[in-house]
Amino acid sequence: MDINVTLFGEMLTFAVLVWVVAKYIWPPLMQVIQERQEKIALGLEAAARGQHELKLTQENITKQLRQAKLDAAKVLDLANQQANNFLEEVKVSAQLERSKMLVQAKLDLEQEVHKAKEELQKQTVDLVITATEKILQQKVDEVAQGKLIDKLISSI
């Protein structure tokens, strides 16, 4: 065989192979590659959207956290104000109660002093009467009377 016929046969086989590949294999292969490129493009686009949404969400979360901190600070301030108001009310109430107790104690003390004075007056009157009776029962002797008065004074 001649090298030209072999070369011609190989060229013919190669041309048929190229035609078969171009006709039957290449279009589906290009379609698969194109679909794959579209999927990749859609995936990249979705990733970009996801990153954008993530950034927006993070900014939103940051804003909400700031707002929550401000709200918490307001609530704490309000609670502190209420606690201070409550303490002031309790102080005022305690001072009023203390004043009432002090007035009551003074009244009780005055009553006790008055009662003690009356008791002392009563005892003094009783002693004077007793001393007078004893003096009258004994003879009217100045020495005996002086001793008796001294005795009564010492017992008072």
Say each of L96 and V21 gets a label point 7 Å from the Cα, pointing the same way as Cα to Cβ; how far apart are those two points in nm? 10.5
Where a Cα-Cα gap under 21 Å defines reach, which lysines qualify for K122, not counting those fewer than 8 residues away within the same chain? K134, K151
Under 21 Å between alpha carbons, and skipping anything fewer than 8 positions from K115 in its own chain: which lysines qualify? K106
Note on the chain: helices (DSSP H) long enough, at least 24 Å by alpha carbon along their axis, and hydrophobic enough, mean Kyte-Doolittle at least 0.0, are 3-20
For region 62-121, divide the Cα radius of gyration by the Kirkwood radius and give the resulting Rg/Rh value with two decimals. 1.62
Ascending count of other beta-carbon atoms within 10 Å, so fewest first, for S154, S99: S154, S99
Net charge of neighbours whose Cβ lies under 14 Å from the Cβ of I61, counting Lys and Arg as +1 and Asp and Glu as -1: +2
What nm distance separates the two modelled labels at L109 and D150, each placed 7 Å from Cα along Cα→Cβ? 4.1
Show that you can apply the helix-only estimate: for the chain, add -39,500 (n - 2.57) for every DSSP H stretch of four or more residues, divide by all residues, and state [θ] at 222 nm to the nearest 500. -34500 deg cm²/dmol
For the residues D2, D108, what sequence is obtained by ranking on other C-beta atoms within 10 Å, fewest first? D2, D108
Quotient of Cα Rg and 2.2 N^0.38 Å for region 3-155, N being how many residues it contains: 4.05
Set of lysines near K63 by C-alpha distance (under 23 Å), chain-local residues within fewer than 8 positions excluded: K55, K74
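Each reported figure results from applying straightforward, stated rules to the coordinates on display, with no laboratory input. From a predicted model like this one, the values you see are computed outputs, not experimental measurements. Cβ atoms come from the backbone with ideal geometry, glycine included; neighbour counts cover every protein chain shown.
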